[in-house]
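Let me begin by presenting the structure, written as structure tokens, before commenting on it.
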């Protein structure tokens, strides 16, 4: 009799095991979903916090801009912000942006200092209300300088820098939201920089000139550039579009001497040169900038003519050696006439000159600055001598005036104080205000009152142009 085939019994899942497996899977799935939801909420929370921080920082900067316009606008209390008019202003007691409520609270610490506290509040995804606070203090530096809108230049600070190269920056000028710089090179030697945001300057189209530039002046939408070219001592550039300067015409002066200084008034350019063959001073008609023509010229008694400033019917030219200032009558531009001179106490070269009204200021290669009274142009009179900080026969390369000529800015090679600021509101008794330690010697300086910023350029390979701000 055959045996019946044996049946092997395999263990089966019990109902309890099935329920347990389902429960474990549910727990795992729920945990995974919870982790995903937590991560999403966490990322969302981080994003919201970042956005709130940005709005708070923006409010601090907006309040600073309002303060710069007029410190009196910082009234104590709660404020909202608006920029609908193209500039920041207070509006209401709070403002709302994309679900974020922002409030700027202002309180007085003293008559010239305000505490600014910004609170930005928003609702989390869960409906929970949260907020962040940011605080700062703003001072009325005008109370210290005595000039509305003018900051405290006791300790100038570097706001930003630009241009990294082996080409020295020589001189610069400001026009609106653009800074124009010439560098000691024929290649990419004339540069326009957008300074709409002085914390983030942007270099625009560089322009290459004929030979190396030495100086520049801005006249309406025209830049006048003095160079060391033997056939183009003056070159003109149209800056109607400041982002893309266009070279126009050139002027060839007699001989091969380098041009050093340039100024412009009306339809005339005034060019100075080192001594040599030909005249050291030229008056050039730039009515047609494509074709500048000589109007008149003058030899400066076998002396180099470095820079020139025009005040009324007179050109004041900084010169060297025994006589440091020449006064030239330019009433008839075709026949400039030497009418006076001024000699300083010691043998030195006056490398730079600035002036306004009845005041002319010259800086020398011995590190001194002299303030002259030219109420009577035929008889210049020394008003005061200004000794820069830490001067030890250093060089003053450039001068610039600021805020209705109350302040004088200096660029030179004084170690640890290459940039210096002086109060010249009383020309007979100027006083030192502050200084900045640049990374190298400075050859050029310019100042813009609308931005309350100074711009310097020099020989540093990594910071050819530096933007300086008051403290």
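The values are calculated or read from the model by the stated rules, or taken from the named source; none is laboratory data. Given the structure is predicted, the values throughout are model-derived calculations rather than measurements. No Cβ is skipped: glycine too gets one built from the backbone with ideal geometry, and neighbour counts run over all protein chains shown.
Quick look at the numbers
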{"quantity": "Counted residues, segment 52-78 - those being farther than 25 Å from residue 451 by Cα and crowded, with 19+ Cβ neighbours inside 10 Å", "calculated": "1"}
{"quantity": "Some residue of segment 337-346 being surrounded by fewer than 22 Cβ atoms within 10 Å (Cβ to Cβ) and under 24 Å from residue 213 (Cβ atoms)", "calculated": "no"}
{"quantity": "Cβ pairs under 6 Å, 6+ apart, first in segment 64-75 and without any contact (Cβ under 8 Å) to a residue 24 or more places away in the chain, second surrounded by 14 or more Cβ atoms within 10 Å (Cβ to Cβ)", "calculated": "65/88; 73/66"}
{"quantity": "Residues being in contact with a strand residue (DSSP E or B) (Cβ under 6 Å, 6 or more places away or on another chain) and within 13 Å of residue 421 (Cα to Cα) - total across segment 433-452", "calculated": "7"}
{"quantity": "Residue satisfying all of: in segment 126-144; in contact with a helix residue (DSSP H, G or I) (Cβ under 7 Å, 6 or more places away or on another chain) and modelled with pLDDT of 75 or more; nearest to residue 70 (Cα to Cα) among these", "calculated": "138"}
{"quantity": "Residue within segment 430-441 that is in the same structural domain as residue 359 (by TED's automatic domain parsing), within 18 Å of residue 351 (Cα to Cα) and modelled with pLDDT of 95 or more present", "calculated": "yes"}
{"quantity": "Selection count where residues are touching a residue at least 12 places away in the same chain (Cβ under 8 Å) and more than 12 Å from residue 430 (Cβ to Cβ), scope segment 369-398", "calculated": "19"}
{"quantity": "Residue within segment 31-42 that is surrounded by 13 or more Cβ atoms within 10 Å (Cβ to Cβ) and either at pLDDT below 80 or closer than 18 Å to residue 133 by Cα (or both) present", "calculated": "yes"}
{"quantity": "Per-region count, segment 300-311, residues in contact (Cβ under 8 Å) with a residue 60 or more places away in the chain and surrounded by fewer than 20 Cβ atoms within 10 Å (Cβ to Cβ)", "calculated": "1"}
{"quantity": "Residue identified as in contact with a strand residue (DSSP E or B) (Cβ under 8 Å, 6 or more places away or on another chain), under 30 Å from residue 226 (Cα atoms) and part of a strand (DSSP E or B) among 96, 174", "calculated": "174"}
{"quantity": "Residue 364 vs. criteria closer than 22 Å to residue 445 by Cα and out of contact with any strand residue (DSSP E or B) (no Cβ under 6 Å at 6 or more places or on another chain)", "calculated": "no"}
{"quantity": "Tabulated pairs, segment 405-417, first free of Cβ contacts under 8 Å to residues at least 40 places away in the same chain, second part of a strand (DSSP E or B), C-beta under 8 angstrom, 6+ apart or interchain", "calculated": "413/397; 413/442; 416/435; 417/435; 417/436"}
{"quantity": "In segment 449-471, the residues that are crowded, with 18+ Cβ neighbours inside 10 Å and in a strand (DSSP E or B)", "calculated": "453, 454, 455, 456, 457, 458, 465, 466, 467, 468"}
{"quantity": "Matching option when the condition is part of a strand (DSSP E or B), over 27 Å from residue 273 (Cβ atoms) and modelled with pLDDT of 85 or more, among 192, 160", "calculated": "160"}
